[in-house]
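Here is the structure we will look at, set down as structure tokens.
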Protein chains: 2
Amino acid sequence: MTLKAFDMLISELMMLPGIGRKSAQRIAFFLLKQPDGVLKKMAAVLSQVKDKIKPCERCFNLSEDGLCAVCRDERRTAEICVVQDVADLMAIEKTGEYSGKYHVLNGAISPMDGIGPENLTIGKLLERLDAEAVSEVILATNFTVEGEATAMYISRLLKNRRIKTYRIAHGLPVGGSLEYADEATMMKALEGKREI
Amino acid sequence: MTLKAFDMLISELMMLPGIGRKSAQRIAFFLLKQPDGVLKKMAAVLSQVKDKIKPCERCFNLSEDGLCAVCRDERRTAEICVVQDVADLMAIEKTGEYSGKYHVLNGAISPMDGIGPENLTIGKLLERLDAEAVSEVILATNFTVEGEATAMYISRLLKNRRIKTYRIAHGLPVGGSLEYADEATMMKALEGKREI
């Protein structure tokens, strides 16, 4: 059976992260059962989203204007939290516990993938430190080899600038059981012990 | 953070089967990282697919012409295999073992969901039996309450027409272990025993 339009739809869907052939087929059948207007609307949203959303000129968060909602918010305090991706920023925002600003690196240093510091927004971060009154920098990159290397690299750059630099805490997750924690996490949890 | 275009994209993605908020967000970030051309192409495929693919006039398989590729194929034998959905038809085609034709019901009888025989393509199946030389009908609806009821309903209709009617076999799946088979399947596997 050769159905060019259907196969094309499946190929397009299989490009998406987490969508294999089976899911793509399931979604394609679902889409074919929708009224035409639903598909046309979805197509419109898809083709317009890149025009409407641009990176924030200052912090590289998603934005519909020059500056993102966080950068425009004058109640935000003078910290900068450095994250790899906008998804990380959103995860922190969801806690409601952080009231400072952000800086999105757009990745992490990864020589294996040919990503060096110059491919990230680190230069722009340094410019911000010159231009803005920043009280402290919190490095919230992932606890992967790449994330750790990136945090290390930035912390070294910041040492000369007399800006307090923090790394977010390692430890057991909330609800985590000691019995099931891996050794490395357990070790970090002990290292990070706090008086109560 | 209010990003209307981004939230709209996530809502659209969450409409898809098997896509929750987390997956939708992951896909949305992925899409934003793609070049604009990729999104525009995806949008074009989406908005055109319903115009290009119509149900086959005879069997309700997907088709880009009046008749689908199976119905147009003159080497197909005179059986009709009755399935609930096009996905089932594709699953059977993939085996390469069936050389007859199909009839897609577009669902199964389900009084709970307000789906009666008149909502399926059963009337059209009967018309085909009058018009075409059909050697036998194989009922390949699902082994669910609805699928079984639909098979039962159709088999009763066909009884008067002296057309051989079959139901596909119940039994243990290939590679299935007796130890883990549920009782109902085990019972059906015993009932369906064949001399070897």
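The values are calculated or read from the model by the stated rules, or taken from the named source; none is laboratory data. Predicted model, so just to flag it, every value in this text is computed and none were measured. Counting neighbours? That spans all protein chains shown, and the Cβs are built from the backbone with ideal geometry, glycine included. When the accessible area is computed, the model is the full protein with side chains, heavy atoms only, and any ligands, DNA or RNA have been set aside. Shrake-Rupley method; radii C 1.70, N 1.55, O 1.52, S 1.80 Å.
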Residue by residue through region B:143-175, note down the ones that are in a loop (DSSP other than H, G, I, E, B), out of contact with any helix residue (DSSP H, G or I) (no Cβ under 8 Å at 6 or more places or on another chain) and over 16 Å from B:K101 (Cβ atoms). B:F143, B:T144, B:N160, B:R162, B:A169, B:P173, B:V174, B:G175
Test B:G147 against the stated conditions and say whether it is more than 19 Å from B:K188 (Cα to Cα) and not hydrophobic (A, V, I, L, M, F, W, C). no
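Enumerate the helices (runs of 4 or more DSSP H) found wholly within region A:1-91, keeping only those where 2 or more residues are among the acidic types (D, E) and within 9 Å of another protein chain (Cβ to nearest Cβ). Break it down into steps so the answer makes sense when it comes.
Values: elements: A:4-14, A:21-33, A:36-52, A:69-72.
Hits in region A:1-91: A:36-52.
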Matching option when the condition is out of contact with any Cys (no Cβ under 6 Å at 6 or more places or on another chain), free of Cβ contacts under 8 Å to residues at least 24 places away in the same chain and open to solvent by 10 Å² or more (accessible area, probe 1.4 Å), among B:F60, B:F30: B:F30
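Each row is one residue, and each column tells you yes or no for (1) at pLDDT below 80; (2) in the same structural domain as B:K124 (by TED's automatic domain parsing); (3) open to solvent by 70 Å² or more (accessible area, probe 1.4 Å).
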{"position": "B:L158", "(1), (2), (3)": "no, yes, no"}
{"position": "B:I163", "(1), (2), (3)": "no, yes, no"}
{"position": "B:Y166", "(1), (2), (3)": "no, yes, yes"}
{"position": "B:G171", "(1), (2), (3)": "no, yes, no"}
{"position": "B:G175", "(1), (2), (3)": "yes, yes, yes"}
{"position": "B:A184", "(1), (2), (3)": "no, yes, no"}
{"position": "B:A189", "(1), (2), (3)": "yes, yes, no"}
Among A:E136, A:E132, A:E148, the single one that is more than 20 Å from B:L3 (Cβ to Cβ), within 17 Å of the chain's Cα centre (by Cα) and among the charged types (D, E, K, R) is A:E148
Determine which single condition A:E127 fails, assuming it passes every other condition in (1) of a type outside the set (S, T, Y); (2) over 28 Å from B:S23 (Cα atoms); (3) touching a residue at least 24 places away in the same chain (Cβ under 8 Å). (3)
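From the list B:L89, B:L105, B:L46, which residue is open to solvent by less than 50 Å² (accessible area, probe 1.4 Å) and not assigned by TED's automatic domain parsing to the domain that holds B:V145? Quick ask: steps written out before the conclusion?
Numbers: B:L89 fails: not assigned by TED's automatic domain parsing to the domain that holds B:V145; B:L105 fails: not assigned by TED's automatic domain parsing to the domain that holds B:V145.
Among B:L89, B:L105, B:L46, only B:L46 is open to solvent by less than 50 Å² (accessible area, probe 1.4 Å) and not assigned by TED's automatic domain parsing to the domain that holds B:V145.
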Check B:V134, B:V104 and return the single one that is in contact with a Phe, Trp or Tyr (Cβ under 7 Å, 6 or more places away or on another chain) and without any contact (Cβ under 8 Å) to a residue 60 or more places away in the chain. B:V104
